[in-house]
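Read through the structure below, which is laid out as structure tokens, and then see the notes.
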Amino acid sequence: MIGAFFLVKHGVLMAGTIEEKIDELVRPLIEASDLILWGVRYRGGRDSALLQIFIDSKDGVSADTCGDITNMLSPALDAADIIAPAYILEVSSPGFDRILFTLDQARAYIGKKIKAEVRIPVGGRRKFEGVLEEVTEDNSLKINDKISGQVEIAFSNISVARLVPEFSQTGKKPQ
């Protein structure tokens, strides 16, 4: 398994992704700073990799806060030695076009426009854009896609789902 490792939780050997291991390591540090860990994204490369950690708070996140969190997390990540050989650490806010990492995050944006890319084509397509209508009990997203109409996509099949910011005519921030 590329980008995977094994960990022991409650005496049981479990496979996990690099993102899960990093989440487990950094979440307590970020939450101790009264911030929310929005998500972790890892993209491996031959010579170096990119590790993106998205943080948020009810008041938003400043560039200074991102710098402070980078300085706090960098030594912890280096000591844990989860990523080899080299990586770039990027800490930022989720932004207006935030990635939806979890079903709970998706539920918070029902009624909003999203873009979703899937691993396995649905109806012969890999990219969808439309209003998120529902998060189903069987962990799927129902999207009113601008091309296909209503589609249902298993969350496990989604490689990335993003909020599409909608700006008003006055140029104010999206809601």
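Readers should treat all values here as calculations from the given coordinates under stated rules, not as data from a laboratory. As the structure is a prediction and not an experimental result, all values here were calculated from the model. Heads up, the Cβs are rebuilt from the backbone with ideal geometry, glycines too, and the neighbour counts pull from every protein chain shown.
Under the rule of -39500 (n - 2.57) per DSSP H run of 4 or more residues, summed and divided by the residues of the chain, what mean residue ellipticity at 222 nm is obtained, to the nearest 500 deg cm²/dmol? Don't jump to the answer; show the numbers that get you there.
On the way: 3 runs with 38 residues, N = 175.
For the chain, the value works out to -7000 deg cm²/dmol.
I'd like to know which of Leu89, Met72, Val151 lies farthest towards the positive end of the charge dipole of the chain, counting +1 on Cβ of Lys and Arg and -1 on Cβ of Asp and Glu.
Final value for the positive-end residue is Val151.
Report the label-to-label distance for Lys127 and Thr17 in nanometres (one decimal), using points 7 Å from each Cα along the Cα→Cβ vector.
2.1 nm
Restricting to bridges with both residues inside the chain, how much of the DSSP beta-bridge set is antiparallel, in percent to the nearest 5?
Details: 36 of 42 bridges.
Antiparallel bridges: around 85 percent, rounded to the nearest 5.
Run the dipole for segment 4-92 about the Cα centre, Lys and Arg Cβ at +1, Asp and Glu Cβ at -1, nothing else charged, and hand back the magnitude in debye, nearest 20. Could you put the intermediate results ahead of the total?
Values: 7 positive and 14 negative charges, 73 e Å.
For this selection, approximately 360 debye.
Which of the three applies to segment 4-92, rounded, prolate or oblate, going by the alpha-carbon gyration tensor with a ≥ b ≥ c and a/c under 1.5 meaning rounded?
oblate
What are the residues whose amide H is under 5 Å from the amide H of Ile55, where those residues sit 5 or more places off or on another chain and H is modelled from the backbone?
HN-HN under 5 Å from Ile55: Trp38, Ser92, Ser93.
Roughly how big is the chain's charge dipole about its Cα centre, with Cβ charges of +1 (Lys, Arg) and -1 (Asp, Glu), in debye to the nearest 20?
On the way: 21 positive and 25 negative charges, 144 e Å.
Charge dipole, the chain, about its Cα centre: 700 debye, nearest 20.
In nm, to one decimal, how far is the modelled label at Glu152 from the one at Lys112, with both set 7 Å along Cα→Cβ?
Between Glu152 and Lys112, the simple spin-label model gives 2.4 nm.
Using Cα centres only, tell me the gap between segment 52-77 and segment 96-152 in whole Å.
Between the Cα centre of segment 52-77 and that of segment 96-152, the gap is 28 Å.
Rg and Dmax in Å for the chain, alpha carbons only: what are they?
Expressed in Å, the Cα Rg and Dmax of the chain come to 17.7, 56.
Calculate one ³J(HN,Hα) per residue across segment 87-99 by plugging θ = phi - 60° into the Karplus curve 6.51 cos²θ - 1.76 cosθ + 1.60, and present them in order as whole Hz with x for glycine and proline.
Whole-Hz 3J(HN,Hα) from phi for segment 87-99: 8, 9, 9, 10, 10, 8, 6, x, x, 5, 9, 4, 6.
How long is the gain from Ile36 to Asp104 if the chain were fully straight, where each residue apart is worth 0.36 nm and the alpha carbon distance is subtracted?
Numbers: separation 68, 0.36 × 68 = 24.48 nm, distance 1.37 nm.
Going from the current span to full extension adds 23.1 nm.
Within a 10 angstrom radius of the beta carbon, how do Ile99, Ile53 rank from fewest other beta carbons to most? Each step should come with its number before you reach the end.
Working: Ile99 16, Ile53 24.
Final ranking by Cβ density, sparse to dense: Ile99, Ile53.
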